[in-house]
1. Run lengths n ≥ 4 of DSSP H only: what is the helix-derived mean residue ellipticity at 222 nm for the chain, with -39500 (n - 2.57) per run over all residues, to the nearest 500?
2. 7 Å from Cα along Cα→Cβ at both LYS219 and ASP446: what's the point-to-point distance in nm?
3. Once you have a ≥ b ≥ c as the square roots of the Cα gyration tensor eigenvalues for the range 291-398, tell me rounded if a/c is under 1.5, and otherwise prolate or oblate according to whether a/b is larger than b/c.
4. With labels modelled as points extended 7 Å from the Cα through the Cβ direction, what inter-label distance (nm, one decimal) is found for ALA389 paired with LYS135?
5. Could you give the radius of gyration (one decimal) and Dmax (whole number) of the Cα atoms in the range 400-521, in Å?
6. Do any trypsin sites (Lys or Arg not before Pro) in the range 437-539 lie in a DSSP loop with no more than 13 other beta carbon atoms within 10 Å, and if so, which?
7. Within straight cross-link reach of LYS230, meaning Cα distance under 24 Å, which lysines are found once same-chain residues fewer than 8 apart are removed?
8. Pop out the Kirkwood hydrodynamic radius of the chain from its pairwise C-alpha distances, inverse of mean 1/r, in Å to one decimal.
Amino acid sequence: MARNKTGYPHIDQPWQQYYDQSIINVPDKNINITRYLKNKTKGNDNLIASEYYGHSKNYRQFWHDVDLASNAFTGLGLNPEERIKFLVPNIPQAGEMWLGAAQIGAVSNFSDPRPDSMIPEVNAKKMLQLLESEKVKHIVALEQCYLGMLQPIENELKELGIDRIVTVSASKEMNLLQKIDYLKEALAYNKIENNRKDENIEKLRFYQVILNKIREANKLTRLYEDAIKKSPLEIVTYQQVLNNTTSFRYNEIIIGDLINYIGHTSGTTGSRPKPIPLTSRNQISSIEQLFKAKANFKKGDRVLHILPFFAPFGAFNNYALNIASNAINIEVPEFKINEFGYLIKKYHPNVILSTPSWLLALTKCKYLDNMDLSFINRIIYGGDSMTSADEAKMNAWLKEHNCNKRIEKGHGMSEFCGCGSYAQREYNIYGSIGIPLPNTIYSIVDPNVEDRLVPLKFEKEMDRLAGELVVSSDAVTEGVLDGKIIIPHYQMDGRSYIRSRDLAEMDRNGVFYFNERKGRAFSRFDGFNVITYEIEKAIEEHPLVKYCVIVPYYDVERRGNMPKAHIVLEDENYDIDYYEVTKRIINEQIIQNPDMSSRQIPSRIEYKKELPFTKNSKVDYLNLIKQGISNNDVLVKVSETNISIGAVQIVVPEEMQKTKVLKRVV
């Protein structure tokens, strides 16, 4: 057991016993992220850098294409410190354009390419607010994102001084073999859907799938061509930009202290995501700490790139760490949770970075029955927590499939590039989040004091110290954008810290354990952070609703948390059609509300006569959580993948219906 000299975690840092002290204080180089990654891959030009639907690219070609992106942006007039908005999924051009922009000192501003609402005008209005508030000067967007999120606001964009939109396609630049691979994957996904025992799923034959894909592609092309003819802006493809800027040569901006990336949180401060400005110094510190902790990957490892660019965890701990490790980024632009197992079977990745819900879905995947998974070197989750029982279940499942690796996990925040602590080897304890990375300090403070940090310490009889987790690291954002403080910093014993808003514990060896979020917040299965009071406030503003309480419940199909609403209607509103009530609440308070996200739609709603209260006359939230799901729940099913949202279906229990309609689509 580590010896605690003062009892204060941030002073004693007992986790340092696990690290090689001769390397942890080696300073990081003050260079831009692109130069850093080029240095990391030097001498490995012939290794494969990326793979996309069967087409691979080595590091020589990859860096050539990054340099072409730098030339292209130079030709477009993108200047150092100017911001370029990216609305793109995980396709090869996305990473190349990001590193190309960083190389010339520009700021890549990534946003979630998924529509935040099912109403295009609402999506467009939100995007306009984001572009204006974050002072974006240039835009690169997937064709679908242009049509759904930018086309409705083209006149307003022109008023902001944005005269051009560069579009990219996920499929148009594919060669014939890639298109065949893409169609094979669509057929495999259809087979998965057909095998699901869900009467609401239309069973399609293989030729219907292919015809649907062709129709979708033709429709997209027609809509896109019609849109650019009418547009008041210059709409050009990225390939056209590359062709028109061959005579330009970029000027590299080496310094690492400039902001060159703005990511966004997933709902931590409302429906408008909070921007996270990060410098190359932040980014390099995050990656180098993973190397010092021996949490990097092996040269040539095949790694699924499924975590998005707009989330720092995806940009740095997945994509950039893969490059720094000389590994292969297998680009996956879109998938559903029940398709995750197929990706494992198809690509045989050596490293899997995932969320708990995606991993737990693997144990139910028929594609992996009796499959040898010995090719897996590392399997890691982050973004949410997994119970000790589920972790043990996953490890047993891996062993059954001839994989001798244990689940590893990390804890982190977008505010410090993703990972801040990591659990592996002897400190990979069930239920823990591991130890802080070598140059990161975690400490425990009094969660009831908001205006300053009051550190807590171990007393003699204590095995664990509990409180709010605070973090200090060179990877932490300065938290200032355009002179506005976005992430408050607090001073404690000569160092700057940020609050995590996580309630956690630390044992005497320096191993940390996550308990819960402060303020009843929780993460959905996909990592989206649900702020309960925001949904409650929106729903309670509806004239039919008296009270609303949001609590998490475990969704078996999604293998993770989803929001459930307990609603008390106004007294005169109980003799009504629950379908119509639910439809009105969801449509009027969330879908049509520009301040709300479609990911805030409760997937279950239980209508009650009254809420349970504690002896102190406060709502008994714990009681509601323990109640779990009910046969009287109205189901609200939202069709969604990792990058898209589809229709909403409301299913009312038969005994609650005032009509004969059981299932209807909004």
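Only the coordinates and a few stated rules stand behind these numbers; no lab work does. Predicted model, so just to flag it, every value in this text is computed and none were measured. Methodologically, a virtual Cβ is constructed for each residue, glycine included, from the backbone with ideal geometry; neighbour enumeration extends over all protein chains shown.
1. Values: 17 runs with 183 residues, N = 666.
Value at 222 nm, helices only: -8500 deg cm²/dmol.
2. With each label point 7 Å from Cα toward Cβ, the separation is 6.0 nm.
3. On the way: a/c = 1.45, a/b = 1.38, b/c = 1.05.
Because its axes are fairly even, with a/c under 1.5, the range 291-398 counts as rounded.
4. 5.2
5. Cα only, the range 400-521: 15.5, 55 Å (Rg, Dmax).
6. On the way: sites: ARG452, LYS457, LYS460, ARG464, LYS484, ARG495, ARG499, ARG501, ARG508, ARG517, LYS518, ARG520, ARG524, LYS537; in loops: ARG452, LYS457, LYS460, ARG508, ARG524.
Here the trypsin sites (Lys or Arg not before Pro) that fit, given the DSSP loop and packing criteria, are ARG452, LYS460.
7. Straight-distance partners of LYS230: LYS85, LYS125, LYS126, LYS137, LYS158, LYS172, LYS219.
8. Values: mean 1/r = 0.0382 Å⁻¹.
Across the chain, the inverse of the average 1/r is 26.2 Å.
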